[in-house]
Amino acid sequence: QRLLVQSGGGSVESGGSLTLSCRTSERTSVISKWERAWYRQAPGKEREFVAAINPSDDTTYSASAVKGRFTVSRDNSDNTVFLQMSGLNASDTAVYYCNANQGGSTFWGQGTQVCVSS
């Protein structure tokens, strides 16, 4: 069973936009208290943090490389988390992964490819 299931991604031209989604099968009483985040891994590079949204108050933090261009948000009705990306450039090309964390438990989505042409 996969706790987190991603959708979205694909190919986009430089300067374009894409939105990624990460839905969960976990019940709201549990998952709503977990930190949710996005990571990405480009070919030949280490996985890097992209953005996160805190439990309860939905405050966010983003990596410097994506600030002002990427926005992480949560639909509190079903705990789906989104990564809204705009102003995309070639350096954003990567496999994107969502995750959920609480204490010693960490879960990952299956990953989705984003390709930005320039």
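Considering only residues that are out of contact with any Gly (no Cβ under 6 Å at 6 or more places or on another chain), assigned to a strand (DSSP E or B) and surrounded by 19 or more Cβ atoms within 10 Å (Cβ to Cβ), which ones fall in segment 83-106? 83, 85, 94, 96, 99, 100, listed by residue number. Every residue in segment 23-77 that is basic (Lys, Arg) and either open to solvent by 30 Å² or more (accessible area, probe 1.4 Å) or in a loop (DSSP other than H, G, I, E, B) (or both), please. If the condition is that a residue be basic (Lys, Arg) and either open to solvent by 30 Å² or more (accessible area, probe 1.4 Å) or in a loop (DSSP other than H, G, I, E, B) (or both), then 23, 27, 33, 45, 47, 67, 69 are the ones that fit.
The values are calculated or read from the model by the stated rules, or taken from the named source; none is laboratory data. Nothing here was measured: the structure is a model prediction, and the numbers come from that model. No Cβ is skipped: glycine too gets one built from the backbone with ideal geometry, and neighbour counts run over all protein chains shown. SASA here: full protein model, heavy atoms, side chains in, ligands and nucleic acids out. Shrake-Rupley method; radii C 1.70, N 1.55, O 1.52, S 1.80 Å.
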